[in-house]
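Everything on this sheet refers to the single structure shown next.
The values are calculated or read from the model by the stated rules, or taken from the named source; none is laboratory data. Treat the numbers as computed from the prediction; the structure is a model and nothing was measured. Cβ placement follows ideal geometry from the backbone for every residue including glycine, while neighbour counts extend to all protein chains displayed. Side chains are part of the model used for accessible areas, which takes the heavy atoms of the whole protein and leaves out ligands, DNA and RNA. Shrake-Rupley method; radii C 1.70, N 1.55, O 1.52, S 1.80 Å.
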Amino acid sequence: MTAQKHTQKKVRGFSTKRQNITGWAFMTPFAVLFSFVFILPIGWAVYSSFFREISEGGGAYGGGELVHKFVGLDNFIYAATSDKFWTGVGRVVLYTVVQVPFMIISALALAMLIDSYIVKHVTGFRLGYFLPFAIPGVVASLIWVYLYNGQISPIAKGLAALGIPVNFYSGNIVLLSMANITTWTYTGYNMLIFLAALQAIPHDLYEAARIDGANGFQIAMQVKLPSVRGAALLAMLLSIVGTIQLFNEPQIMQIADPGISKSYTPMMMALNTSQGSITPSGDGPASAIAIVMAIIAGLLAMVYIMAERKVNES
């Protein structure tokens, strides 16, 4: 009997080992690609952030040779003490505070509308709301640059005909114009997150609420909303991390609005620094700016998580 148990244990161990090997074999292609497109670029950015191209060997009239030199934390000090960088950070934080809540509330409202009994042909509405997300960000920005152009825009001309002249590129409105592009693009994506959470709610809860005399609005407020807190947390975190990296919208709108500087957002500053448009130039300072922004995005996400936990505990 003991020998039989030993044999069974050995067979189970061999089977488990074979399953583990098979699982790792299936994961290997993903792990390799993930390392090449994610881990290695991050490692290279951290490495290059400690170096800077410095001209050495020049005479009184300049010249010399560019040398890739280790500068320690100088690039991070440059980013942390740059007025342009912190102005861009403030602009992006303001953008996030205004745009993200509006987008999340809109996405939740659309998801609850689709999940209700009011809307027929749900598939068409769901596809229509999600379709803007399928359009590449650069293309979406180009479309809205056309729609914001006062000379050819049907929106601007229609508002002007109503006696409401609007300059979408004016200093007080341009940030809202960018926020509109992001909201138009990502509301449908966040709507699907909420819709998935709503459709996972057991229908027994709805039936119990109806038996207790709750109407449709009360079910939405007291059953559905509390059940999508996890989805709301996910959507908010993704949105905060995404908007803090604001780049496509201002970079494309800069074509029509020269008032948008090369350091309008930190990500634009990083790109133009790497291309030599901002001094000090090169990959080192640009990588330091990107890393500092990643740290700021992580801190903002942590602050939101802590605030969310306090609200849920109270």
Study note, to complete from the structure: For the range 201-224 the number of residues that are closer than 14 Å to Ala111 by Cα and touching a residue at least 12 places away in the same chain (Cβ under 8 Å) is 3
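Answer yes if at least one residue in the range 202-213 is in a helix (DSSP H, G or I), touching a helix residue (DSSP H, G or I) at 6+ places or on another chain (Cβ under 8 Å), open to solvent by 80 Å² or more (accessible area, probe 1.4 Å) and closer than 18 Å to Leu113 by Cβ, and no otherwise.
As a first pass, look at the range 202-213 and keep what is in a helix (DSSP H, G or I): 203-211.
Now drop any that are not touching a helix residue (DSSP H, G or I) at 6+ places or on another chain (Cβ under 8 Å), which leaves 205-206, 209-210.
Cutting the leftovers down to open to solvent by 80 Å² or more (accessible area, probe 1.4 Å) gives us 205, 210.
Subset that is closer than 18 Å to Leu113 by Cβ: none.
No, the range 202-213 contains no residue that is in a helix (DSSP H, G or I), touching a helix residue (DSSP H, G or I) at 6+ places or on another chain (Cβ under 8 Å), open to solvent by 80 Å² or more (accessible area, probe 1.4 Å) and closer than 18 Å to Leu113 by Cβ.
Yes or no, residue by residue, for (1) at pLDDT 80 or above; (2) within 26 Å of Leu271 (Cα to Cα); (3) of a type in the set (A, V, I, L, M, F, W, C):
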residue	(1), (2), (3)
Ala25	yes, no, yes
Phe30	yes, no, yes
Tyr47	yes, yes, no
Arg52	yes, yes, no
Gly59	no, no, no
Lys69	yes, yes, no
Point to revise | Filtered residues of the range 170-209 (kept if under 17 Å from Phe130 (Cα atoms), in contact with a Phe, Trp or Tyr (Cβ under 8 Å, 6 or more places away or on another chain) and of a type in the set (Ser, Thr, Tyr)) | key: Thr183, Thr185, Tyr186, Thr187, Tyr189
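Suppose the filter is in the same structural domain as Tyr264 (by the TED database) and within 14 Å of Ala256 (Cα to Cα); does Ser170 pass it? Let's see the steps before the verdict.
Numbers: in the same structural domain as Tyr264 (by the TED database): yes; within 14 Å of Ala256 (Cα to Cα): yes.
Spelling it out, Ser170 is indeed in the same structural domain as Tyr264 (by the TED database) and within 14 Å of Ala256 (Cα to Cα).
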Check your understanding: Only one residue in Gly259, Gly242 is small (Gly, Ala, Ser), in contact (Cβ under 8 Å) with a residue 24 or more places away in the chain and outside any loop (DSSP other than H, G, I, E, B), so which one is that?
Key -> Gly242
Check your understanding: Filtering the range 179-200 down to residues that are of a type in the set (Phe, Trp, Tyr) and within 13 Å of the chain's Cα centre (by Cα), which residue is most open to solvent (accessible area, probe 1.4 Å)?
Key -> Tyr186
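Going through Met236, Met293, Met269 one at a time, which residue ends up being assigned by the TED database to the domain that holds Val174, open to solvent by less than 60 Å² (accessible area, probe 1.4 Å), in contact with a Gly (Cβ under 8 Å, 6 or more places away or on another chain) and in a helix (DSSP H, G or I)?
Met269
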**Study point:** Cβ-Cβ under 9 Å pairs, at least 6 apart or on other chains, the range 267-294 side in contact (Cβ under 8 Å) with a residue 60 or more places away in the chain and charged (D, E, K, R), far side open to solvent by less than 40 Å² (accessible area, probe 1.4 Å) and in a helix (DSSP H, G or I)
**Key:** Asp283/Ala45; Asp283/Ser48; Asp283/Thr273
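Looking at Ile152, is it touching a Phe, Trp or Tyr at 6+ places or on another chain (Cβ under 8 Å) and either open to solvent by less than 40 Å² (accessible area, probe 1.4 Å) or not charged (D, E, K, R) (or both)?
So Ile152 fits the description; yes.
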Check your understanding: Counting only residues that are more than 16 Å from Tyr146 (Cα to Cα), assigned to a loop (DSSP other than H, G, I, E, B) and without any contact (Cβ under 8 Å) to a residue 60 or more places away in the chain, which one in the range 159-172 is least open to solvent (accessible area, probe 1.4 Å)?
Key -> Gly163
Review point. Is there a residue being hydroxyl-bearing (Ser, Thr, Tyr), assigned by the TED database to the domain that holds Pro250, within 17 Å of the chain's Cα centre (by Cα) and closer than 30 Å to Gln222 by Cβ anywhere in the range 134-148?
Key: no
